[in-house]
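Just below is one structure, and these are the notes that go with it.
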Amino acid sequence: MRRLPSALRAAALAAAVLLGACATPPPERKPEPPAAATPSPAQAAAEAEPKRALQRGRLKPMPVRPLSIKTDCHFKDEVGYGGSAVLDISYSEVRAFAAHLDVPKRGSCQFDLADFKQVLKEPHVELQARDGCTVRFWEQGEQVTVAFSECAKRCTRGTFEYVWPILVDRSSGQCN
């Protein structure tokens, strides 16, 4: 059996140490608490706290209501990422949708309502195309998000990995 040179042995030892440092120990198992027919006073208080917070007005659930927005906006950031969007959604029914996104040094993406079928109205609006591309619209406070998934075929090669959702300000109609 041939012996490895000392430099090679040192490199192998260093690799083994680095791999060992990356290993994660198995998660600790927590013992299951015994099943109780009635919650303890501490458990009851912990379960009641979110309800009290809702009553005090600190936490507000997102309303499930029909989405309505109309805009024709254009945007461009300081590095050149930009695009445009035409949206007309009334009571969660998509009447018009078109979007064009330009990713600097990568290419562009194009979306048009004619290629899509509306498949969902609540809790968010969703369009789906035959090629699997899905466009989702939802409300977040004063903004409406337009997000894309599985839409690489609607973009020039290698572009979709760099696509961000479009955010539309509900009050001004501006997008970014």
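Exactly one residue among Asp72, Asp88 is among the charged types (D, E, K, R), surrounded by 15 or more Cβ atoms within 10 Å (Cβ to Cβ), at pLDDT 95 or above and not in a loop (DSSP other than H, G, I, E, B), and that residue is Asp88. Note on region 138-167: residues that are in a loop (DSSP other than H, G, I, E, B), hydrophobic (A, V, I, L, M, F, W, C) and over 13 Å from the mean Cα position of the chain (by Cα) amount to 1.
Output the residues belonging to region 98-137 that are acidic (Asp, Glu) and either part of a loop (DSSP other than H, G, I, E, B) or more than 14 Å from Cys155 (Cβ to Cβ) (or both). Lay out the reasoning, then the answer.
Pass one, region 98-137, residues acidic (Asp, Glu): 102, 112, 115, 122, 126, 131.
Glu122, Glu126, Asp131, listed by residue number.
When residues in region 75-85 are screened for being assigned to a loop (DSSP other than H, G, I, E, B) and touching a residue at least 40 places away in the same chain (Cβ under 8 Å), 2 of them pass.
Report whether or not Cys133 is surrounded by 15 or more Cβ atoms within 10 Å (Cβ to Cβ), touching a Phe, Trp or Tyr at 6+ places or on another chain (Cβ under 8 Å) and either closer than 19 Å to Asp72 by Cβ or not β-branched (Val, Ile, Thr) (or both). Write out each step before concluding.
Numbers: surrounded by 15 or more Cβ atoms within 10 Å (Cβ to Cβ): yes; touching a Phe, Trp or Tyr at 6+ places or on another chain (Cβ under 8 Å): yes; either closer than 19 Å to Asp72 by Cβ or not β-branched (Val, Ile, Thr) (or both): yes.
So Cys133 passes the test.
The values are calculated or read from the model by the stated rules, or taken from the named source; none is laboratory data. Because the structure is predicted, anything quoted here is derived from the model rather than measured. With ideal geometry, Cβ positions are generated from the backbone for all residues, glycine too; neighbour counts draw on all protein chains shown.
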